[in-house]
Every structure is written in structure tokens, then in C-alpha cells.
1. Go through (1) aromatic (Phe, Trp, Tyr); (2) surrounded by 14 or more Cβ atoms within 10 Å (Cβ to Cβ); (3) over 17 Å from A:Val214 (Cα atoms) one by one and return the number of the condition A:Trp14 breaks.
2. What number of residues within the range A:123-144 satisfy the criterion of being in a helix (DSSP H, G or I), crowded, with 16+ Cβ neighbours inside 10 Å and more than 7 Å from every other protein chain (Cβ to nearest Cβ)?
3. Going by the structure shown, is B:Leu167 within 14 Å of another protein chain (Cβ to nearest Cβ), surrounded by 18 or more Cβ atoms within 10 Å (Cβ to Cβ), within 28 Å of B:Val58 (Cα to Cα) and without any contact (Cβ under 8 Å) to a residue 60 or more places away in the chain?
4. What helices (runs of 4 or more DSSP H) completely inside the range A:181-240 contain at least 3 residues that are under 18 Å from the mean Cα position of the chain (by Cα) and surrounded by fewer than 12 Cβ atoms within 10 Å (Cβ to Cβ)?
5. Yes or no: A:Val61 within 16 Å of A:Gln190 (Cα to Cα), under 18 Å from the mean Cα position of the chain (by Cα) and not hydroxyl-bearing (Ser, Thr, Tyr)?
6. If we scan the range B:140-150, do we find a residue that is within 10 Å of chain A (Cβ to nearest Cβ), among the aromatic types (Phe, Trp, Tyr) and either crowded, with 23+ Cβ neighbours inside 10 Å or part of a helix (DSSP H, G or I) (or both)?
7. If I ask for residues that are among the hydrophobic types (A, V, I, L, M, F, W, C) and surrounded by fewer than 16 Cβ atoms within 10 Å (Cβ to Cβ), which ones from the range A:19-40 would you list?
Amino acid sequence: MLAGWALAASSGLWPPQLLPPPWAVAESLWTMGADGRLGSAIWASLKRLLSGYCLSVAIGVPIGLGIARFRVLSRLIKPVVVSLQALPSICWLPLAVLWFGLSESAIIFMVVMGSVLSVAISTEDGVQSIQPQLLQVAGTLGIRGLRFVAGVLIPGAMPGIVTGLKLGWSFAWRALMAGELLYASGGLGQLLAAGRQALDPAQVIAVMGAIITVGVLMDRALFRTLEHGVRRRWGLQLST
Amino acid sequence: MLRAWWDSFRNQGLLVPSQRRNRQGPAKIAVQGVFHRYGNEVEALKELNLDVHSGEFVCLLGPSGCGKSTLLYALAGTSPPTRGTIRIDGQPILGPGPDRLLMFQEPALFPWLTVQQNLTFALGGRALNRQDRDRVAREYIQLVKLDGFEDALPHQLSGGMRMRVSLARALSLDPAVLLMDEPFGALDEQTREEMHLLLQEISLRTRKTVVFVTHNIREALTLGDRVVVMAGRPGRVLQDLEVRLPRPRDPDDERLARLSRQIREALREADRATVARTDPGVEKIDVRPNEDHAAKSPAARLDAGGLGPGR
């Protein structure tokens, strides 16, 4: 692939200001890394991602548990959750800007809206797939109230919740990039936009590479280990 | 016919109608005139009376659909009877309570907790500090002979071991009454026999009141101080028998085989009476225990436990 790219770039079929050769991209990546632009952009993006994501987990898991356990909530909220999920997260941006202005809160709001629904839905799924006899036995053992929620419901739904966390994380990452690309200051998305404004395709491609790398690393390092750990502990088949 | 008579002659004194005067004090569990009806279905229980005394091991035996599980769940308080009263220590049962613990066919262990944690988590509702919970848990793990497996996860254990953990968890809560709904139904023959020995040993040691539902005649005879034989349509008590065999009972004991024949005969007779009563137009069913008829009768639906009618 890399060789094909190098060949295509140096063949002269496309002007180099549109398709830079791989070494130009590598060089751009190097200079951005050396002058600290890349590092601070990654840091800024991750900070936003983390705060938005934590918020959406803190909101999404209880919503999921509530929908799964109470018929009323399921009737009231579930249709809303399901239909809102059809809305691409970037569509929340205008509303976010109207409500919060061009601020950090607006972009975090977008991240939350992008990921909270999938966390809630997967949590509900996880609760529904708890073996019914476990819930029954919890009742006969006299496990109720908070002990039931913390000791049976949440751990029982954990395989589903982890799926939700993983999905939510990747949705949050997408929402964040979309938001940063459009207006935010700092962050990888903005660095990408800056590359376009400077008419520097090498920078654009370099930042794209960085975004992919960060996303994949997060998924592998965080969620693969978490998922494997949960599945092993819970005695479920390892899927891969 | 002749053999049935011979059997009952030889069984004399081993399986006798249960008599109240043999037991002292008021009943632990008193079931009085209980009816249960599911929707518009046939009566699952009809005017059922049963006394269970403290420390007794009572097996409810009968074909599927005879109402034995309905009765058990009524005792547990999860499905109250349509009519009649059930009292425990003189108090009417209004719902599930900590004095009665229900065990199912599945061990239903929490898969994310170790053996030890499964017990300590269940004990979490009791006013015990952490050390005491750990100590009690270890004690009961020892009782079911699983010491050394405290830190194993449920999925690392065999089916029989899981059932033992489940039993230890139930016993550790020290309920006054243990209600068991075919708890060994999903185990293989050999494991089930091991569980029978273990349960006899434990029940001799702890003197718990146990109500044990089964459709396996030999299981009931192996475990029960009393075997309450039930029949269906409508669900009722057919016979209330006391088993007078020394413990621990050997599953290969010839006397068990004879007693189980006697019970099977009684069930078959009840089945015939039911068929005759409910479907008068139906042609006379062959009363000989051949295979065809055996497939239809509730008596044959009982797990013969390796003792087919032809043997």
C-alpha cells in the first residue's frame, strides 16, 4: 500500500500539492511532534473526550438500568432513546452552540449526546440477558435494594455494559472529532482544519493518521483488556 | 398382582402410613384445606392438608402436573394459594421470608463471584462482621466438602460441585425450612447419588426441616423421612408414608427397589381411577404395565431411576 502510494505520488499524475508522498507526511508528523503541536492537540482532545465520556457513562448506565427494570420508564424513555440514536451526533452541534455558546461545554455536550444513548441501550441489553434464575435466587436469598443493584444487577449486566462502554467510547471519539473540526480551539480536529486552511495535505494526512492511531490504541489498550477480563471472570466464551 | 401382594407383605414395617402421634408438638408447617387454581385450568391443588414437623425431611413425590411444585411455591410464599391457609410456626405465610429458602434445579451461583464470595455475599444481609461472614462461609464450604475450592469461580467447577456450593450457600443462611425443587434433576446419575449421600449426612447433622420435591421415586425413598405421594387432576395427596429404613441409605438397597415398586403401583392405580373418572367415554386402558400404556401414564412418567416396570 505504502509503496503504491509512493509510486502514485512520485509518478506526477497528481500534483504533489494534492497528493503528498509518504515521506512528506512523515516529515510533517515529525515537525508537528517536535514543536509540540501534536502532543498538545492529542492532550486537549483526550481531556475533552474523557470528561464527556465519563459524564455519558454516569448518565447512560443508570438510564439503561432504569429502562430494563421499570416498565414505566421503558415505555416513556426507550422510544426516545432509540429514535434519538438515529440522529448523527454532529446534528447536536447547532443546538449545543445555541445553548452553551462557542465553549468547552458545547463540545462536551456533543460528546455526551453522541455516546450516552449507546451506553444506555447496551446496559439495558445487559440487564435483559441476565439469567432469570439469578434474579430469582437473589430474591430468595433476601438480596434487595442497593445490594441487589450493586451486587447482582450491575455485575450481572457487566458483559453488556462493557460492550456499551466500548461502543460509547468510539461514538464519543467520532463526535469529538466532528465538533473540533468545525469550531473548537485546540485538539486534533482543529489541527486537521488548520492543515486544510494552510493548504498542506501532508499535515492533513498526518493528523488523520494520528487520529486513527489514538482511536485504535484506546480501543485495544482499554477495551480489549477490559472485555477479555470480564469475559474470563464471568466464564463466557472468548469471542476471538 | 401376586408380586404386588408379596412385595407389600415383605415391605411391611418399612413403609407405613405416617401417623401424627409419632411426632410431638405442633406442626412446623401446617397446610390446611389449600386449593390452587391457575386461571381457568384444572385445579392444581384440591383441599390439600399436610403437616410437616420440625426436623423432618419430607419428599413430595408425584408425576409432573400433580401440583407438587405448586405446593412448594405456596410454602415459599411466591405463589399464594387460591383458598386455604398455610402456617409456619402458627403464623400464616404471606410472602417470601428469610425463614424459608427455596433451591432450584439450577445452582444459580453468581458467576462473577468465587465460591467463598458467593456465600459471603448471600450472608451480607445478616448482622455479621466480615470475619464472621468469612468464617461461616468456610464452615459451610467444609460441610459440603469443597474445602480447597474457596477461590474457584463457578464455571471452573463441575455440575455436582456447583450444586454443592448452592447447597452450602442456602444452608449458611440457616433458614428454618429448606424448600428444594428437584434440585438434582439436572445431574447425572452418579453425581446425584453422591449428592443423596451428602444431603443425608448433612440433614442428619443439621436436623433441618426440608421439603423436597421430586418425581423420582427412588430419590424420594432414599432421602425422605416421609414420602408424600401426590396425584394430579386435581392435585391431591394420595398417600403419606413414613420410610423406616436406617440412614445413610444405600441406593442399591434391595428394599428400596421393592418400596419403589409399591409406590409405583399405587400411582398407577390412582392414574387409572383419574382416567376413568375424568373421561368416562374412553375405552378401558390396559392395566398391565406394558410399554405402550407406560408411556401415557403419569406413573410411568416418573423417572423410574433404573427400575423399569418390567424388572
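1. It fails just one condition, (2).
2. Going through the range A:123-144 one residue at a time, the tally reaches 7.
3. Answer is no for this residue.
4. A:201-218
5. no
6. no
7. Hits for the range A:19-40 are A:Trp23, A:Ala26, A:Trp30, A:Ala34.
Each row is one residue, and each column tells you yes or no for (1) at pLDDT below 90; (2) of a type in the set (D, E, K, R).
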| position | (1), (2) |
| --- | --- |
| A:Ala172 | no, no |
| A:Gly186 | yes, no |
| A:Gln190 | yes, no |
| A:Ala202 | yes, no |
| A:Met208 | no, no |
| A:Ile211 | no, no |
| A:Glu227 | yes, yes |
| A:Gly235 | yes, no |
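The values are calculated or read from the model by the stated rules, or taken from the named source; none is laboratory data. Everything numeric here is computed off the predicted structure, so don't read it as measured data. Positions of Cβ are backbone-derived with ideal geometry, glycine not excepted, and every protein chain shown enters the neighbour counts.
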